[in-house]
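Since the structure comes first, as structure tokens, the remarks are kept for the end.
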Amino acid sequence: MSDPLNVVSLREGRFARFEAVSWWRQERLRNARVLVIGAGALGNEVLKNLALLGVGHVAVADLDHVELSNLSRSVLYRETDEGRPKAECAAKAMNAIHPGTQVTPLICNVLADLGLGWFRWADVVVGALDNREARVFVNSACARTGRAWVDGGIEVLQGIVRGFFPPQTACYECTMSQVDWDLIQKRRSCTMLAKRALAERGTPTTPTTASVIGGIQAQEVIKLLHGMEALTGRGFFFDGAQHQSYTMTYPVNPDCPWHEPAADIIPLDTAGGNTPLTQIAAEATQRLGGLDALDLSRELVEAMECPACGTQTAVWRAVEHVSEDQLLCPGCGGACAPRLVHSLPAGSPMLERTARELGLPAWDILWARHGEQALGFELAADSPFAKTSPANPAL
Ligand SMILES: [Zn+2]
Ligand SMILES: [Zn+2]
């Protein structure tokens, strides 16, 4: 074992054992910004490690509240947390582990409420998710903002870690099979009543597999932050039944849309969720020499249409926020179908509205297109770190 003359002094600093590693740069971790999506069993392990590692800035996004059944798999939660938002409880527990980690809890549905500014803010994104739809969204957000992301998945004794860095490497969509797309399509094409009924149940998980997979995800974050070779475009599979593991490299799917160079993104420090989109359109027209359309960060429900009687009701919100009573036709009481929109053509009267009025989240990004050119515009005044923004942006 170690030579007693070489043991580290008892008065060593908090991170001395890391700094004893020749290539370790603690200041990179201290200055790092990591966005963690999901604060379930896996997210807990990732977040715990990020606090232990002294990562300086973490944002954690989760919609759920702590339930008793979470306590067997979530090191950051206590019985007294029952009923409280997971993101808030995780932030509090991380600060108890390491007060130097600045944690921003985001109590939100990722698909509907997480502005793409958060992805651009992050150096690395970690997915601790339990469904394909959210992974597809996170993948697209990372591809558009040029961020690497580390996805994890667990089921009983098995787990997987995959790293993606589109456009350079294969991305999550490259790994998807037709079956995966069919399952997502099935959820999307059903009426929203059916969609809700199809809501996925929690997968069976254990804290032990979460430790293994969450640990490897956090280790990938360390490697990415140090500019080391990491698991990008590759997957690590772990089978705890026989303790077998292997890695594989994913090929880029030539049909995947995320392997063209991403459009540049311009932060607009004075534009936010309450800025009329006409201002963004004017800025885009000036910079691109014209404007065909503004593309949105996510699909929105423009209206609900009744196939039986033809009644249309304007909605303008994310699918996830369509209320129960909007699912039924106000005319005949029949089930309505959503009309979805992901782009606003130049000249659309909807450009008179603000991003917030259209149902987009705070600190989002819009993409302007003109011919072959595209440019992103970040509504940066919404950032909680912007000097001019209110202390608590509504999410
Ligand atoms: Zn891809
Ligand atoms: Zn009707």
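Annotations
- Under a model in which nothing but the beta-carbon of Lys, Arg (+1) and Asp, Glu (-1) is charged, the chain shows a dipole of about 660 debye around its Cα centre.
- Axis angle, to the nearest 10 degrees, between helix 207-225 and the longest C-alpha principal axis of the chain: 90 degrees.
- Of all DSSP beta bridges in the chain, antiparallel share, percent nearest 5: 65
- Charge dipole of the chain about the Cα centre (unit charges at C-beta), most positive-ward option of Ile222, Ser348, Gln326: Ile222
- For the chain, the calculated P(r), taken from all Cα-Cα distances in 10 Å bins from zero up to the bin holding the longest distance, is 5, 20, 30, 27, 13, 4, 1, 0, 0 percent.
- Calculated FRET value between His342 and Gln279, using beta carbons and R₀ = 30 Å, to 0.05: 0.90
- Highest GNM mean-square fluctuation among Arg120, Arg339, Arg317, for the chain modelled with Cα contacts below 10 Å: Arg339.
- Of the peptides 97-106, 137-146, the order by per-residue mean of other Cβ atoms within 10 Å, starting with the highest, comes out as 137-146, 97-106.
- Euclidean distance between Cα centres, the range 141-182 to the range 236-299, Å: 14
- Residue pairs, from the table Lys86/Lys223; Lys48/Lys186; Lys92/Lys186, whose Cα atoms sit over 29 Å apart: Lys48/Lys186; Lys92/Lys186
- Most mobile of Tyr246, Tyr77, Tyr172 in a GNM of the chain (Cα contacts under 10 Å): Tyr246
- Of the GluC sites (Glu not before Pro) found in the range 1-108, those that fall in a DSSP loop while having at most 14 other beta-carbon atoms within 10 Å are Glu12, Glu67, Glu82.
- Listed residues Leu296, Leu116, Leu42, most fluctuating in the chain (Gaussian network, C-alpha, under 10 Å): Leu296
- By average C-beta atoms within 10 angstrom, highest first, the peptides 225-231, 69-75: 69-75, 225-231
- Remark: relative contact order (the range 265-382) = 43 percent; criterion is Cα-Cα distance under 8 angstrom and separation of 6 or more residues.
Only the coordinates and a few stated rules stand behind these numbers; no lab work does. Quick caveat: nothing in here was measured; it's all calculated off a predicted structure. With ideal geometry, Cβ positions are generated from the backbone for all residues, glycine too; neighbour counts draw on all protein chains shown.
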